[in-house]
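The values are calculated or read from the model by the stated rules, or taken from the named source; none is laboratory data. On a predicted model such as this, the values are computed, not experimentally measured, just so you know. With ideal geometry, Cβ positions are generated from the backbone for all residues, glycine too; neighbour counts draw on all protein chains shown. Heads up: the accessible areas ignore ligands, DNA and RNA and are worked out on the full protein's heavy atoms, side chains in. Shrake-Rupley method; radii C 1.70, N 1.55, O 1.52, S 1.80 Å.
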Amino acid sequence: MVTNSREHFGSRIGFILAAAGSAVGIGNLVGFPVNAAKNGGAAFLFIYAIFVFLICVPVMMAELSAGRASQRGPIGTYKHFAPNNKLWHLPGVLAIITPFMITVFYTVLTIWIFGYLVEILTGNLAAMTNGDYFGNFINSKILFGYLLVVAIFVGVTLFSGVQNGIERGAKIMMPALFFMLIALVIFILTRDNALAGVRYYLVPDFSKINASVINGAMSQAFFSLSLGMGILVTYGSYMERFENIANSAKMVAFADTAVAFTAGLLVLPAIFSFNPNTNTEELSSSSVSLIFTFLPQIFLAMQDSIGYIGASAVAAIFFTLVFFAALTSLISIIEVPVAAAIDQLCVSRTKAVTSVGLAIIVASISCFVSFGMVEFFTKFTYYGGADKSFFDVILDVFYDTVLPLNGFLICIFVVYKWGKNNLSKEISDGAPEYENSFLQKYLNLALGTFIPLILILVFINTVLTKYFSISLI
Ligand code: PHE
């Protein structure tokens, strides 16, 4: 039953900031610059942007429309449009487990970022550049305290509901984030040698592009826009009928890509200004080692020109920026199981946030002790030729493998079960110009054909490479 009491976003800009808050995350600020640096700079950006607009925006519109039409999160949406077909309820379940598990690993990253921010503010930037600092940090008991602080931040926002919590939080944190990002870029670009980094970033090198880079660009775009996690279905269910889904999706995608691009203008020039002879081949592909071991060195090196306090201030602004980006993403993803509990179990928001929150806290603790604190979680399982920690498993299974599968399922569901006509009708509500537009024709063609095909190929390729060490491409 569709109830009228469902909460809604209070304004268009509120929705856009909340959805952009979900999309802009660690993936944009760190993942994208590293990928671009290693894979041909502007050439990577070009391929990435094509994927964002030709593949991700249509999927985003499909997710938002399905959610707004059903007035439910993903689990309710699959049930609502396929009430008698139990098989279609399975993707709904997967669409709840996925955000839950992604939350777990993202929470761990967020508490590390928060911990680093606290350490910088207490004068420890220099200590962070010691080789064994990060290893000790992730095994220290203080993480329990940081977890508590992050849980309180996220919990208070979610308790306060869609308008007073999620929307208000995004309205404060997102403008602050844009401002800090621009200020840092201006500061970095005025450092010596920064232009070498800009040149490296913006001069395209198409010779670096191969099948696996293309696959990586696709996965990066999909993750960065928060697709396949049920977030946009849930946020769609909080959208008013008169809102324009097509324009909103384009704006969110544009904002997300702009932040990723700008983050590249920050991170690469900073690296080159630190060492003009940087060989980007050597940059680790992992965002984790970049944020936690490499960037502190770069910030510390700035003390020669701006002093230790100045260098610590720049580092603190950077970590606050990443922390805000991570918080708004975390809030959006936890809202998925919260909304599911409210819709499916008919419990109050307070009860839903408390029980989902407790489950996430327990699972996140199991995850952050998997770096050595607890043997069972550290050597959780074995595949692909190596021991895998609980953290590795979540990353491999949910982030790398299941996301494209969820994307595939939602496309097939929307086009072949709910129906293209219903999708068109839903989008036209609030966007009358959509009827008979080029965009409509494109969506009707692409969402039922090559978009799901590409997503399922990414899925199959990942399964074969990750778990069977067979590479298709
Ligand atoms: N879009 C986010 C990012 O780029 C991904 C994400 C969203 C992760 C929501 C967790 C929760 O980092």
Of residues in region 10-45 being open to solvent by 10 Å² or more (accessible area, probe 1.4 Å) and not in a helix (DSSP H, G or I), the one nearest to the ligand (Cβ to nearest atom) | N39
Which residues, taken from region 219-237, are in contact with an Asp or Glu (Cβ under 7 Å, 6 or more places away or on another chain), in a helix (DSSP H, G or I) and near the ligand (Cβ under 9 Å from one of its atoms)?
-> S224
Are any residues in region 357-379 of a type in the set (F, W, Y) and surrounded by 19 or more Cβ atoms within 10 Å (Cβ to Cβ), and if so, which ones?
-> F368, F371, F377
Just a yes or no: is a residue in region 131-141 in contact (Cβ under 8 Å) with a residue 24 or more places away in the chain, at positive phi and surrounded by fewer than 19 Cβ atoms within 10 Å (Cβ to Cβ)?
-> no
Could you list, in sequence order, the residues of region 314-323 that are open to solvent by less than 50 Å² (accessible area, probe 1.4 Å) and among the hydrophobic types (A, V, I, L, M, F, W, C)?
-> V314, A315, A316, F318, F319, L321, V322, F323
Does I271 satisfy the criteria of being out of contact with any helix residue (DSSP H, G or I) (no Cβ under 8 Å at 6 or more places or on another chain), away from the ligand (no atom under 16 Å from the Cβ) and part of a helix (DSSP H, G or I)?
-> no
Of all residues in region 249-261, which are in contact (Cβ under 8 Å) with a residue 60 or more places away in the chain and either crowded, with 23+ Cβ neighbours inside 10 Å or within 14 Å of the ligand (Cβ to nearest atom) (or both)?
-> A249, V252, A253, A255, D256, T257, V259, A260, F261
Residue within region 119-139 that is in contact with a helix residue (DSSP H, G or I) (Cβ under 8 Å, 6 or more places away or on another chain), among the β-branched types (V, I, T) and outside any helix (DSSP H, G or I) present | yes
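Take the conditions more than 15 Å from the chain's Cα centre (by Cα), more than 15 Å from the ligand (Cβ to nearest atom) and either open to solvent by 10 Å² or more (accessible area, probe 1.4 Å) or touching a residue at least 60 places away in the same chain (Cβ under 8 Å) (or both) and apply them to F51. Does it pass?
So F51 fails the test.
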How do the pairs read when you match residues in region 218-230 that are open to solvent by 10 Å² or more (accessible area, probe 1.4 Å) with residues anywhere that are within 10 Å of the ligand (Cβ to nearest atom) and of a type in the set (K, R), using Cβ under 7 Å and keeping only pairs 6 or more apart or on different chains?
-> none
Has region 192-208 got at least one residue that is modelled with pLDDT under 90, open to solvent by 60 Å² or more (accessible area, probe 1.4 Å) and not in a helix (DSSP H, G or I)?
-> yes
Given the residues F144, F153, F242, which is the only one that is within 16 Å of the ligand (Cβ to nearest atom), touching a residue at least 24 places away in the same chain (Cβ under 8 Å) and over 18 Å from the mean Cα position of the chain (by Cα)?
-> F153
Hey, does region 231-239 have a residue that's open to solvent by 10 Å² or more (accessible area, probe 1.4 Å) and not hydroxyl-bearing (S, T, Y)?
-> no
Find all pairs meeting these conditions: Cβ atoms under 7 angstrom apart; at least six residues apart or on different chains; first residue within region 327-356 and assigned to a loop (DSSP other than H, G, I, E, B); second residue more than 16 Å from the ligand (Cβ to nearest atom).
-> V347/A341
Among what's in region 54-91 and is assigned to a loop (DSSP other than H, G, I, E, B) and not polar (S, T, N, Q), pick the residue that is most open to solvent (accessible area, probe 1.4 Å).
-> P83
